[in-house]
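Structure, as structure tokens:
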2 protein chains.
Amino acid sequence: MEIRKVLLTEDEMPRQWYNILADIKMNPPLGPDGKPVGPEMLTPIFPMNLIEQEVSSQRWIDIPEEVLGVYTIWRPSPLVRARSLEKALKTPARIYFKNESVSPPGSHKPNTAVPQAYYNKVFGTRKITTETGAGQWGSALSFACSQFGIECKVFMVRVSFDQKPYRKSMMEAWGGKCVASPSTETKAGRDVLEKYPDTPGSLGIAISEAVEAAVSDTTGKTKYSLGSVLNHVMLHQTIIGLEAKKQMEKIGEYPDIIIGCAGGGSNFAGLAFPFVLDKMNGKKIDIYPVEPSACPTMTRAPFVYDHGDNAGYTPLLAMHSLGHAFVPPPIHTGGLRYHGMAPTVSQLVSEGILEPRSVTQLAAFEAGIKVTRSEGLIPAPESNHAVACVIEEALKAKEEGKEKVILFNMSGHGLIDLGSYDKYLSGSLQNYELSDEELLEAEKIFENYPKPQLIKSR
Amino acid sequence: MEIRKVLLTEDEMPRQWYNILADIKMNPPLGPDGKPVGPEMLTPIFPMNLIEQEVSSQRWIDIPEEVLGVYTIWRPSPLVRARSLEKALKTPARIYFKNESVSPPGSHKPNTAVPQAYYNKVFGTRKITTETGAGQWGSALSFACSQFGIECKVFMVRVSFDQKPYRKSMMEAWGGKCVASPSTETKAGRDVLEKYPDTPGSLGIAISEAVEAAVSDTTGKTKYSLGSVLNHVMLHQTIIGLEAKKQMEKIGEYPDIIIGCAGGGSNFAGLAFPFVLDKMNGKKIDIYPVEPSACPTMTRAPFVYDHGDNAGYTPLLAMHSLGHAFVPPPIHTGGLRYHGMAPTVSQLVSEGILEPRSVTQLAAFEAGIKVTRSEGLIPAPESNHAVACVIEEALKAKEEGKEKVILFNMSGHGLIDLGSYDKYLSGSLQNYELSDEELLEAEKIFENYPKPQLIKSR
């Protein structure tokens, strides 16, 4: 019998997260005056202990015992050798994936939701607000808040809210509250609804709503939480890559290629960042973040200063962006419908260390069905973008007769997204390609914005 | 950090199933003439290799390499110490569960679906038909068939088909076909629809349809598959209890109490049977199968000879039964809406080795929410019946100040059942209690049936 899963015991779980800010140089976030913002500007939104982590340049950050205790509900996650997919593709490549779908909400998101809830608890926060796209993040935060006895309020992008009613039920099973965004509960939501009553919503709009709901609680006991993009999120997610590294070492393997889907960037960064340092030190690895071609931030949009949200409540961040006013087409991949990309990921793209790829909606689902019928697991539509790229690389390895080692992140399962699979299988899904005119139009927003510098970290 | 999960490596996975027929005596199945049926009577329905297993009295049966290979997709499953639930209940009891929700379809069902698909493949079967209640079994068989390249057709009880549209999508993602039962595709289905056009359906009716669809393929290449009740199913499921035993040994524990929900009996038997022999040999263990009070086969119905299906296509089996014409109320626990109970489980109940319990729908969901908000995992509504009994026993241990060790089976997760949680949380679920009159009425069907003997195995 061939071994399929490489396991770690709870004792072998990494005790520290990796902070890439120790190893790369970045353009600073800017305030409304165009000057770098200090940590104090973020205090109405985030608790101070998380802000400190956000700006820390310490390479290794201890994971609190209480967080490790909750992590053990599903961690360490298995590293799986995708033997059945390899056989189906007849490839000489060895394909491995980190199975992050084993968490209670079904994705990698609780890796950061749990520490965020914990640090908020320590800080004295009573309620956390957030946005969610496909619902993975909202349900992860709802789960995490239930572990620490904190209230949770989620603004869910309308198109996903309508496509996936079970996500709301899931959040409520853990005691959270969930409304469709744009909602009438915030000024940001009402303003959008007035102009575009039929809008499918966007992550940018939902972020504005959640931020507004947090800062408008004058007691200071309500904070906001973000499920991607920011540095403290990326660093919490590095537990994925740190575990994967240990697991690959156990079987004497090291990846030639690393692949993850990328919307805000967190699951991708979580797997890839612990390997990025090796690459900067001369190791030959190809690292591909994969985005939907309908929302092509890294592959087609410029590296600019832009707001993280639709209403412009957040500081300006140096990132690849389609513009904060951009509303992505209603693809069935809510987690990847974001106008920007994590500044750390964007910086590494600008340096050529990461090589972004894009995949269409139909190609992603086609790849997902291949995995479903070989590996058994039904991937999240987001993860299918990674899978499509994996299959492409595995077939290339076959053509070239090379025994490549491919490592990718199975960021979540698709059990709450089965309606989308239904549409794909019945032939009623379509692709959305952005025209160059649409992109140029979207980019006009940056005309009077400051421009980030091109920086080389090494 | 306290250890939460006890893991086994793939190498430590049991290599044999346990067959309880080696250790208990049973009333034989009877044919239409009232005489015991030989294996040959089952050949139109099942492949011979599975029939041989069904009637085998060999204690240990080797698990084929090909089955072990597919098992590794999710097995061995974790044994979890429910520390957070213990803390929430402030109980001195130590609560453990076998987490069978980690399989791709989300339940214990593939433990038997995979070997059934495998033996059918070896036998030359091209297509398998089956019934499903909540959809756990149908999706498990669809998954298993996709692993061995066999067609799969599922008749899904209408009430669940309507409640859980994602189950159909799931089966189709693996390449299976699924229709609501009663359907117009079979005589059994059409007969019921003519009399009761608005019937919610039942497992008994769906079994009739699936059996008819199999035997009416005159090439003999279509076989039927049952997801519970029969002995070969129970024995495939014993991998759960065999793993659990190894895992408890590793940490020096042994259960005082074993609990599983029971509809047809398979997840319960899978966990409990490897411990039953210990009990027959004098070990003191309390073993509780838990059924819904709306479908009380073991706790209120007689031990009789009855058909396994609604139309009377199957042999007569000695079991606890509400009568094959009984249509259980539309509770949100499709997997437990079955009129009978596995003959092996029924036999052990009749001997007093198992002590059945029942739980109402509302009590089950209340318990499920307690687990969701402590352990994080959202249990299947079926599993909630076990959880309700676990909580009762844990609170009793607290009252008595006893450090009881409780082991239960988390037979599946509830991610496809979130609509039911929604209804529970919004207060729109109700209980169904059967009156004594309804029971007496249902039992009339047995008046002219042969009666099973009361047998003591030891």
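Put a dot 7 Å past each Cα toward the Cβ at B:Glu52 and A:Glu355; how far apart are the dots in nm?
Taking the simple label geometry, A:Glu355 and B:Glu52 are separated by 5.4 nm.
Go through A:Lys109/A:Lys423; A:Lys109/A:Lys279; B:Lys250/B:Lys283; A:Lys246/B:Lys5 and tell me which ones have a Cα-Cα distance over 22 Å in this structure.
Details: A:Lys109/A:Lys423 26 Å; A:Lys109/A:Lys279 26 Å; B:Lys250/B:Lys283 19 Å; A:Lys246/B:Lys5 19 Å.
Exceeds cut-off: A:Lys109/A:Lys423; A:Lys109/A:Lys279.
Counting Lys and Arg as +1 and Asp and Glu as -1, each charge on the Cβ, what is the dipole of the protein assembly as shown about the Cα centre in debye, to the nearest 20? Walk me through the numbers before you get to the answer.
Values: 96 positive and 106 negative charges, 281 e Å.
For this selection, approximately 1340 debye.
Once fully extended, how much extra length lies between A:Asp162 and A:Gln16, figured as 0.36 nm per residue of separation less the alpha-carbon to alpha-carbon distance? Each step should come with its number before you reach the end.
Values: separation 146, 0.36 × 146 = 52.56 nm, distance 3.87 nm.
Between A:Asp162 and A:Gln16, full extension yields an extra 48.7 nm.
Measure off, as a whole percent, the carbon and sulfur share of the 1.4 Å-probe accessible area of the protein assembly as shown, all protein chains present. Could you put the intermediate results ahead of the total?
Details: 15820 of 30540 Å².
On the protein assembly as shown, the fraction of accessible area on carbon and sulfur atoms equals 52 percent.
All other residues with a Cβ under 15 Å from the Cβ of A:Ala213 taken together, and with Lys, Arg as +1 and Asp, Glu as -1, what is their net charge? Walk me through the numbers on the way to the answer.
On the way: positive: A:Arg126, A:Lys127, A:Lys153, A:Lys177, A:Lys187, A:Arg190, A:Lys221, A:Lys223; negative: A:Glu131, A:Glu151, A:Glu185, A:Asp191, A:Glu209, A:Glu212, A:Asp217, A:Asp309.
Net charge around A:Ala213: 0.
Roughly what percent of Cα-Cα pairs across the protein assembly as shown reach past 47 Å? Each step should come with its number before you reach the end.
Numbers: 101168 of 419070 pairs.
Looking at the protein assembly as shown, the distances longer than 47 Å represent 24 percent of pairs.
Based on alpha-carbon atoms only, what is the radius of gyration of the range A:91-174 relative to the globular estimate 2.2 N^0.38 Å? Don't skip to the end; give the middle numbers.
Numbers: Rg = 14.6 Å, N = 84, 2.2 N^0.38 = 11.8 Å.
Normalised Cα radius of gyration, the range A:91-174: 1.24.
For A:Lys396, go 7 angstrom from Cα along the Cα-to-Cβ vector, then report the distances to that same point in the other copies in nm, smallest first.
6.3
In peptide A:367-378, how many Cβ atoms from other protein chains are near each Cβ within 10 Å, on average? Display every interim value, and only then the final one.
Details: counts 0, 1, 4, 0, 0, 7, 7, 2, 3, 13, 5, 8.
Counting Cβ atoms of other protein chains within 10 Å of each residue's Cβ and averaging gives 4.
For chain B, give me every cysteine whose Cβ has no other Cys Cβ within less than 4.7 Å, ordered by residue number.
For chain B, the answer is B:Cys178, B:Cys261, B:Cys295, B:Cys389, because their Cβ atoms have no other cysteine Cβ under 4.7 Å.
Per the Kirkwood treatment, what hydrodynamic radius in Å, one decimal, follows for the range A:181-245 from the mean inverse distance over all distinct Cα pairs? Could you put the intermediate results ahead of the total?
Numbers: mean 1/r = 0.0727 Å⁻¹.
Evaluated on the range A:181-245, it is 13.8 Å.
State, in square angstrom and to the nearest 100, the accessible area buried between chains A and B, both chains counted, probe radius 1.4 Å.
Details: alone 17180 and 17190 Å², together 30540 Å².
Approximately 3800 Å² gets buried when A meets B.
Report, in degrees rounded to the nearest 10, the 0 to 90 angle that the Cα long axis of helix A:136-148 makes with the longest principal axis of chain A.
80 degrees
Among the trypsin sites (Lys or Arg not before Pro) in the range A:32-130, which ones are in a DSSP loop with at most 12 other Cβ atoms within 10 Å of the Cβ? Mind listing them? Walk me through the numbers on the way to the answer.
On the way: sites: A:Arg59, A:Arg81, A:Arg83, A:Lys87, A:Lys90, A:Arg94, A:Lys98, A:Lys121, A:Arg126, A:Lys127; in loops: A:Arg59, A:Lys90, A:Arg126.
Here the sparse-neighbourhood loop sites are A:Lys90.
Put a label point 7 Å from Cα along the Cβ direction on B:Lys250, then list its distances to the equivalent points in the other copies in nm, shortest first.
The projected label point of B:Lys250 is separated from its counterparts by 1.1 nm.
Can you compute the modelled spin-label distance between B:Asn448 and A:Lys90, with each label point 7 Å from Cα toward Cβ, in nm?
For B:Asn448 paired with A:Lys90, the spin-label model returns 6.2 nm.
If you draw the axis that swings chain B onto chain A, which residue of B has its Cβ closest to it, and how far is that in whole Å?
Per the B/A rotation axis, the closest residue of B reads B:Leu415, 2.
At 222 nm, what value in deg cm²/dmol follows for chain B if DSSP H runs of at least 4 each add -39500 (n - 2.57) and the sum is divided by all its residues, to the nearest 500?
Details: 18 runs with 180 residues, N = 458.
It comes out at -11500 deg cm²/dmol, rounded to the nearest 500.
Which value results when the Cα radius of gyration for the range A:323-458 is divided by 2.2 N^0.38 Å? Before the final figure, lay out the partial values.
Details: Rg = 17.5 Å, N = 136, 2.2 N^0.38 = 14.2 Å.
Scaled against compact globular proteins, the figure is 1.23.
For B:Leu425, place a label point 7 Å out from Cα along the Cα→Cβ vector, do the same in each other copy, and report the separations in nm, one decimal, smallest first.
2.7
May I ask you to evaluate 6.51 cos²θ - 1.76 cosθ + 1.60, the Karplus curve with θ = phi - 60°, for each residue of the range A:79-87 and list the ³J(HN,Hα) values in order in whole Hz, giving x for glycine and proline?
9, 10, 7, 7, 4, 5, 5, 3, 5
Using a Förster distance of 30 angstrom, determine the FRET efficiency expected from the C-beta separation of B:Leu425 and A:Lys187, and round it to 0.05.
On the way: r = 30 Å, r/R0 = 1.00.
Approximately 0.50, to the nearest 0.05.
From zero up to wherever the largest Cα-Cα distance of chain A sits, split into 10 Å bins and tell me the percent of pairs in each.
Binned Cα distances yield the sequence 5, 23, 35, 27, 10, 1, 0.
Could you give the dipole magnitude of the range B:1-77 about its Cα centre, charging the beta-carbon of Lys and Arg +1 and that of Asp and Glu -1, in debye to the nearest 20? The partial results should precede the final answer.
Working: 7 positive and 12 negative charges, 64 e Å.
Dipole about the Cα centre, nearest 20: 300 debye.
In the range B:1-41, which residues give up 30 Å² or more of accessible area once the other protein chains are added, compared with their chain alone (1.4 Å probe)?
With the partner chains in place, the range B:1-41 has these residues losing at least 30 Å²: B:Met1, B:Ile3, B:Arg4, B:Lys5, B:Leu7, B:Glu10.
What dipole magnitude, in Debye to the nearest 20, does chain B give about its Cα centre under +1 on Lys/Arg Cβ and -1 on Asp/Glu Cβ?
Magnitude of the dipole: close to 900 debye.
Using +1 at the Cβ of each Lys and Arg and -1 at the Cβ of each Asp and Glu in chain B, identify which of B:Asn448, B:Gln247, B:Thr333 lies farthest towards the dipole's positive end.
Among B:Asn448, B:Gln247, B:Thr333, the one farthest towards the positive end of the dipole of chain B is B:Gln247.
Per residue, how much accessible surface does the range B:257-374 expose to a 1.4 Å probe? Answer in Å², no decimals.
On the way: 2530 Å² over 118 residues.
Spelled out: the 1.4 Å probe surface of the range B:257-374, per residue, equals 21 Å².
Can you give me the Rg/Rh ratio for the range B:181-297, using Cα atoms for both radii and the Kirkwood formula for Rh?
On the way: Rg = 19.2 Å, Rh = 16.9 Å.
Across the range B:181-297, the Cα-based Rg/Rh ratio is 1.13.
The values are calculated or read from the model by the stated rules, or taken from the named source; none is laboratory data. Because the structure is a prediction, the values reported are computed rather than measured. Glycine gets a Cβ as well: all are built from the backbone with ideal geometry, and neighbour counts include every protein chain shown. Heavy atoms of the whole protein, side chains included, go into the accessibility calculation; ligands, DNA and RNA do not. Shrake-Rupley method; radii C 1.70, N 1.55, O 1.52, S 1.80 Å.
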